[in-house]
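First up is the structure itself, then whatever we jot down about it.
The values are calculated or read from the model by the stated rules, or taken from the named source; none is laboratory data. Please read all numbers here as calculations on a predicted model, not as lab measurements. Here the Cβ positions follow ideal geometry from the backbone for every residue, glycine too, while neighbour counts run over all protein chains shown. With ligands, DNA and RNA removed, areas are computed over all heavy atoms of the protein, side chains included. Shrake-Rupley method; radii C 1.70, N 1.55, O 1.52, S 1.80 Å.
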Amino acid sequence: MSDEYAISGEYLHLLSEPAWQALRTPVTKALGGAVGEATLLDVGAGTGLGTEVLAAAVPDTDVVAVEPSPVLRAVLLSRMAAQPDLRQRVTVVAADALGADLPARLGAVLAMNMIGHLDPDGRRTFLRRIAERLAPGAPLVLNLQPPAEPTPVPFSVFGTVPVGRHTYEGGGSAEPSGPDTVTWRMRYRVLDADGTVLHEDHADYRWHVTPAEVLLADLAEAGLTGEVGPLDVVRAVRRS
Ligand SMILES: C[S@@+](CC[C@H](N)C(=O)[O-])C[C@H]1O[C@@H](n2cnc3c(N)ncnc32)[C@H](O)[C@@H]1O
């Protein structure tokens with residue numbers, strides 16, 4: 001399987017940190033009701049920014065972090081292993097959302113910034129797999145990401161982060177590429193102190209747009225009741 005994040009993997013962690021500073025509070029709130037006696041799961045864990053929030057929200061509980069990209073998994077594994085508490089608790093699994101061997105009972109599930117990687121059938125299968133295993137009252141936490149329709153998104157710079165004398169910059173644009181997909185064209189740059197572009201990378205990936213009403217309907221079909229909260233964080237629990 002090719003690694004969709006082979007190019008962006010160098011930049012993703014650094015450029016995702018500011019977004020996760022904003023997400024930490026709504027995601028922690030959405031994780032309320034997690035069941036500490038069952039395993040916690042982060043699907044498409046990336047470099048572990050959400051895994052850390054999940055582990056902090058439910059202390060002393062085992063966490064499984066599923067991540068298909070080798071380059072992101074290397075960052076994830078290194079970061080988890082560098083923190084004594086997480087080194088004990090977090091098991092990193094090389095698999096994707098549909099192929100991963102999931103624990104029988106889940107105390108909370110995080111799937112942030114990843115649902116658009118799944119096509120509609122894959123999304124529904126994934127939600128059913130989670131719903132079957134979620135403990136009563138335990139939350140599945142995921143999010144909506146723009147665009148909600150397959151419309152063009154003009155180029156913009158998403159963020160810049162200085163490290164040493166270099167500044168890392170990430171930006172992108174999207175074009176419709178199917179009835180429910182856009183293709184994001186990401187641009188990553190490394191700038192010198194005087195603004196000279198030292199390095200530029202591009203990465204394209206396909207994203208299945210998922211409007212709120214479609215996601216909520218898919219959650220309902222899987223037996224889950226979902227609610228959209230601040231920063232488009234979605235919390236779903238099993239219907240009782
Ligand atoms: C934008 S990153 C988000 C990473 C992390 N969840 C975060 O919010 O920082 C999307 C993640 O989804 C993962 N991913 C892509 N396709 C996937 C699939 N089919 N199953 C599980 N994860 C997938 C990618 O490897 C990547 O880690």
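Would you kindly state how much longer the chain becomes between residue 3 and residue 82 on full extension, computed as 0.36 nm times their sequence separation minus their alpha carbon distance, in nm to one decimal?
Result for the pair: 26.0 nm of gain on full extension.
Along the charge dipole of the chain, which of 209, 59, 69 sits closest to the positive end, that is, farthest toward it, with unit charges on the beta carbon of Lys, Arg, Asp and Glu (+1, +1, -1, -1)?
It is 59.
Any chance you could check the Cα centroid distance between segment 1-23 and segment 172-240 for me, in angstrom?
Here the answer is 12 Å between Cα centres.
Report, in deg cm²/dmol and to the nearest 500, the calculated mean residue ellipticity at 222 nm for the chain, where each DSSP H run with n ≥ 4 adds -39500 (n - 2.57) and the sum is divided by the residue count.
-9500 deg cm²/dmol
Select from the chain the helices, each a whole stretch of DSSP H, whose alpha-carbon atoms run 15 Å or more along the helix axis and whose Kyte-Doolittle mean is at least 0.0; answer none if there are none.
For the chain, where a helix must reach 15 Å along its axis and average at least 0.0, the hits are 70-81.
Per residue, how large is the accessible surface of the chain? Use a 1.4 angstrom probe and give square angstrom.
Per-residue value: 47 Å².
Any number yet on Rg/Rh for segment 108-240, C-alpha, Kirkwood?
Radius of gyration relative to Kirkwood radius: 1.09.
Express in nm, to one decimal, how much length is gained between residue 228 and residue 194 on full extension, taking 0.36 nm for each residue of separation and deducting their alpha carbon distance.
Value of the extension gain: 8.0 nm.
How high is the FRET efficiency between residue 206 and residue 167 when r is their beta carbon distance and R₀ equals 30 Å, given to the nearest 0.05?
It comes to 0.55.
Over 25 Å, how big is the tail of the calculated P(r) for segment 1-141, in percent of all Cα pairs?
Counting every Cα pair in segment 1-141, those more than 25 Å apart make up 20 percent.
Give me the mean projected area, in nm² to one decimal, of the convex hull enclosing the Cα positions of segment 153-208.
Averaged projected hull area, Cα only: 3.9 nm².
Could you give the length gained by full extension between residue 214 and residue 17, i.e. 0.36 nm per residue of separation minus their alpha carbon distance, to one decimal place?
Additional length available on full extension: 68.1 nm.
Can you pull the percent of the chain's accessible area that's carbon plus sulfur, 1.4 Å probe, other chains left in place?
53
What percent of all Cα-Cα pairs in segment 85-155 falls into each 5 Å bin, going from 0 up to the bin containing the maximum distance?
Pair shares across the bins are 3, 13, 20, 25, 17, 10, 7, 4, 2.
How far is it, in nm, from the label point at residue 175 to the one at residue 94 when both lie 7 Å from their Cα along the line to the Cβ?
3.5
Rounded to whole Hz and in sequence order, give me ³J(HN,Hα) for segment 225-235 from the Karplus expression 6.51 cos²θ - 1.76 cosθ + 1.60, θ = phi - 60°, writing x for Gly and Pro.
9, x, 9, 8, x, x, 6, 6, 7, 10, 10
Report relative contact order for the chain in percent, whole number only (criteria: Cα-Cα under 8 Å, sequence separation at least 6).
Value for the chain: 19 percent.
Show log10 I(q)/I(0) for the chain at q = 0.17 Å⁻¹, two decimals, from a solvent-free Debye sum over equal Cα scatterers.
Debye intensities relative to I(0), on a log10 scale: -1.35.
If one computes the Cα centroid of segment 120-167 and of segment 91-111, what distance in Å separates the two points?
Result: 16 Å between the Cα centres.
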